[in-house]
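Here the structure is laid out as structure tokens; the discussion comes afterwards.
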Amino acid sequence: FPPEKIRNFGIIAHVDHGKSTLADRLLEFTGTIKESLENKQVLDKLQVERERGITVKAQSASIVYKCDGKEYLLNLIDTPGHVDFSYEVSRSLSACQGVILVDATQGVQAQTLANYLLSMEHGLPVIPVINKIDMPRANIAKVEKEMLNLLDVHTSEIIHISAKLGQNIDQVLEAIVKQLPSPNLDCKSSYNSSSLLKALLFDSTYEKFRGVIANVAILDGTMKKGDIISSVYLQQKDGNSKSAYEVKEVGILRPEHVSTDVLYAGQVGYIVCGMKTVADAQIGDTLYHHKHPVQGLPKFKKARPVVFGEMFPLDQSQFKNLDAALNRLMLNDRSVTKLNSKSFLLGSGFRIGFLGLLHMDVFCQRLEQEFGTNVVMTSPTVPYKAILNPNKRLQIKEEKEITITTPEDYPSQNLVKDFLQPMIIGTVITPLQYSQDIMELCTAKNGTAVGNSYISETSLMLQYRLPLDEIVVDFYDKLKSLSSGYASFDYEDDGYESVNLSKVDILLNGEIVQELSKICTLEKSRKIGAKTCAKLKDLIPRQPFPVSIQAVIGKSVIARQTLPAAKKDVLAKTGGGDYTRKLKLLRREADLQKHLRAIGKIKVPKNLFIKMIFKL
Ligand code: GTP
């Protein structure tokens with residue numbers, strides 16, 4: 001296919017508006033896959049996607065479509081809808097020249113807007129589509145009005161479809177061919193051009209035997225089996241000599257790998273070239289023929305994690321395996337960051353950064369399902385910052401900013417000039433009747449309104465500036481329950497703001513238990529301290545002496561509980577002489593002791609910490 005016969009497009013939409021279903025119909029309509037009732041979200045290949053019914057990874061597929069008697073090669077990229085995965089969307093759009101924006105019965109939602117703006121940022125033309133017109137609730141006139149109000153589209157451009165029933169799918173395909181541009185090749189070369197190879201590496205996965213499989217968009221030249229290639233990143237890293245790979249396989253995705261021996265300019269496909277490590281297959285990297293270096297493409301924006309958790313293997317002997325599994329999964333999910341960390345109790349582990357809570361959940365599930373690892377994960381925290389004053393003794397010459405993601409990072413209070421917390425601008429789109437409750441929720445979460453506007457007679461767009469910490473845990477669930485699932489939410493970073501931060505320590509009979517320390521705002525510290533003390537009182541078995549449980553900030557006690565003493569005689573209840581029963585009780589007691597750990601003189605169950613700090 002010459003470039004003018006190629007269209008690379010993405011499908012973007014809010015969660016559940018039917019992107020993957022539309023992709024199924026496009027694949028069926030063009031005969032790429034057989035028509036079948038079994039075809040449900042065929043591009044959602046991961047187990048986690050099938051179980052949760054959501055798209056997590058953008059997937060590609062090549063379609064051949066005949067329009068006005070001419071054949072076209074359409075490369076489709078299905079993208080996730082949830083806000084946590086917008087990095088995936090952004091990354092995929094860089095390999096597209098246009099998008100189909102799907103909207104459904106709910107009308108324009110927060111991620112419709114966010115993804116629309118993302119396409120604008122990439123300068124991509126948009127084909128507006130209203131899906132689910134078969135549903136009795138469908139209110140096409142209302143949805144159209146919202147689209148006209150919020151997006152730069154005209155009524156005449158909007159296509160009405162039912163992805164489920166396959167209605168008007170031909171109109172979508174025709175619009176792709178007629179309205180979207182062909183790939184914007186660097187020098188408008190034709191497909192058999194002899195110009196230099198330039199390919200964008202936009203995604204990668206790892207397979208046990210084939211190694212790294214990279215998805216590429218060929219921007220210029222051709223890539224053939226047997227070619228020796230290198231990349232701008234590797235060249236910078238290793239110097240010219242070491243960084244060459246032989247292309248062992250090239251092909252297109254239909255959606256399964258179909259080997260083609262050659263990829264031409266304008267095509268999207270995959271290559272296998274024996275790259276072994278995550279570090280080698282850099283997303284956004286530019287590939288070229290080893291002997292003919294080219295100028296690199298602009299670098300991708302790095303994803304910035306907003307939620308951190310500590311991850312430990314359940315069994316320390318599995319640490320190396322976990323490390324390897326993480327590296328391989330991170331090849332497929334570049335938004336995750338990883339640093340080594342150590343816990344006095346749980347041994348070696350990692351501090352991992354995610355783009356949100358759903359992202360953290362999905363990542364852990366993939367780790368378990370795709371790599372068979374067993375891990376525990378601490379409850380999530382957000383990255384705070386501290387500005388430290390200059391200090392001669394500690395050789396801090398001028399003001400210095402540090403990031404705090406765990407209690408160990410918390411600096412000595414007297415060094416600190418100011419603490420800062422991450423802020424976001426949250427956008428909620430909601431039917432009018434829930435707006436009052438949602439405004440109250442945002443205010444309760446320390447939000448300040450920055451702008452509210454009607455997007456139709458019946459729905460409102462609310463914008464609030466909120467501390468990130470307030471939304472990472474339960475904001476989304478609360479929003480959904482207050483609005484019976486109708487409100488949608490999206491957010492973007494909005495810098496940092498001064499905050500009163502504190503570190504709450506827990507003392508058992510005066511001895512600090514480091515694992516239980518927590519970073520939180522001063523405002524929340526009393527509540528967190530009281531809750532931790534009460535929970536500990538429940539979990540610690542009575543000791544032969546009373547145990548004082550205290551939550552402290554520095555030297556001041558903010559909450560306390562006392563566990564009364566128990567005088568324990570395991571044999572007391574057995575009464576007289578039943579020897580075997582006595583033996584059994586003594587054995588059980590010995591067993592119990594094995595599962596206890598001492599903090600000073602206090603014996604606590606070994607799993608106490610897991611219960612206190614980890615979400616299992
Ligand atoms: P995410 O990737 O999680 O954002 O979802 P998605 O946008 O890919 O949506 P998906 O295709 O998974 O569809 C969500 C639900 O809507 C599924 O239950 C589909 O069967 C249903 N659905 C999709 N299109 C239509 C349609 O045209 N009509 C009806 N009635 N239901 C549809």
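The values are calculated or read from the model by the stated rules, or taken from the named source; none is laboratory data. All of these numbers come straight from a predicted model, not from anything done at the bench. As a convention, Cβ positions derive from the backbone with ideal geometry for all residues, glycine included, and neighbour counts pool all protein chains shown.
Quick notes on this structure:
- Residues in the stretch 134-154 that are over 18 Å from T430 (Cα atoms) and in contact with a helix residue (DSSP H, G or I) (Cβ under 6 Å, 6 or more places away or on another chain): V153 alone.
- Residue within the stretch 312-335 that is free of Cβ contacts under 8 Å to residues at least 24 places away in the same chain, under 22 Å from V513 (Cβ atoms) and surrounded by fewer than 19 Cβ atoms within 10 Å (Cβ to Cβ) present: no
- Qualifying residue in the stretch 472-494 (condition: crowded, with 20+ Cβ neighbours inside 10 Å, part of a loop (DSSP other than H, G, I, E, B) and not β-branched (V, I, T)): yes
- The set of residues from the stretch 340-349 being outside any loop (DSSP other than H, G, I, E, B) and in contact with a Phe, Trp or Tyr (Cβ under 8 Å, 6 or more places away or on another chain) comprises N340, S341, S343, G347, S348, G349.
- Odd one out for K198, checked against (1) within 16 Å of the ligand (Cβ to nearest atom); (2) surrounded by 21 or more Cβ atoms within 10 Å (Cβ to Cβ); (3) charged (D, E, K, R): (1)
- Residue list for the stretch 138-163, filter: under 25 Å from F29 (Cα atoms) and either within 12 Å of the ligand (Cβ to nearest atom) or in a helix (DSSP H, G or I) (or both): A138, I140, S156, E157, H160, I161, S162, A163
- Matching residues, the stretch 403-435, being touching a helix residue (DSSP H, G or I) at 6+ places or on another chain (Cβ under 7 Å) and farther than 19 Å from D494 by Cβ: T430, Y434
- If you go through the stretch 101-111 and pick out every residue that is crowded, with 20+ Cβ neighbours inside 10 Å and closer than 15 Å to P431 by Cβ, you end up with 6.
- Close contacts from the stretch 414-429, counting a first residue that is more than 22 Å from S456 (Cα to Cα) and a second that is assigned to a helix (DSSP H, G or I), with Cβ to Cβ under 8 Å and a gap of 6+ residues or different chains, come to Q421/L468; Q421/D469; P422/L468; P422/D469; M423/L468; I424/L468; I424/I471.
- Under the condition of being within 30 Å of the chain's Cα centre (by Cα) and of a type in the set (S, T, N, Q), the residues counted in the stretch 151-183 number 1.
- The set of residues in the stretch 446-459 being surrounded by fewer than 21 Cβ atoms within 10 Å (Cβ to Cβ), closer than 20 Å to A114 by Cβ and not hydroxyl-bearing (S, T, Y) consists of A449, V450, G451, N452, I455.
- Check on L501, at pLDDT 90 or above and of a type outside the set (V, I, T): yes
- Single match in M135, M120 (criterion: surrounded by fewer than 23 Cβ atoms within 10 Å (Cβ to Cβ), within 14 Å of the ligand (Cβ to nearest atom) and among the hydrophobic types (A, V, I, L, M, F, W, C)): M135
- Screening V547 with (1) in contact (Cβ under 8 Å) with a residue 60 or more places away in the chain; (2) out of contact with any helix residue (DSSP H, G or I) (no Cβ under 8 Å at 6 or more places or on another chain); (3) farther than 21 Å from P383 by Cα; (4) among the β-branched types (V, I, T) gives one miss only, at (1).
- Cβ-Cβ under 8 Å pairs, at least 6 apart or on other chains, the stretch 98-115 side within 19 Å of S162 (Cα to Cα) and at pLDDT below 80, far side assigned to a loop (DSSP other than H, G, I, E, B) and away from the ligand (no atom under 12 Å from the Cβ): L101/L151
- Lone unmet requirement of (1) within 23 Å of the chain's Cα centre (by Cα); (2) of a type outside the set (D, E); (3) at pLDDT below 90 for R542: (1)
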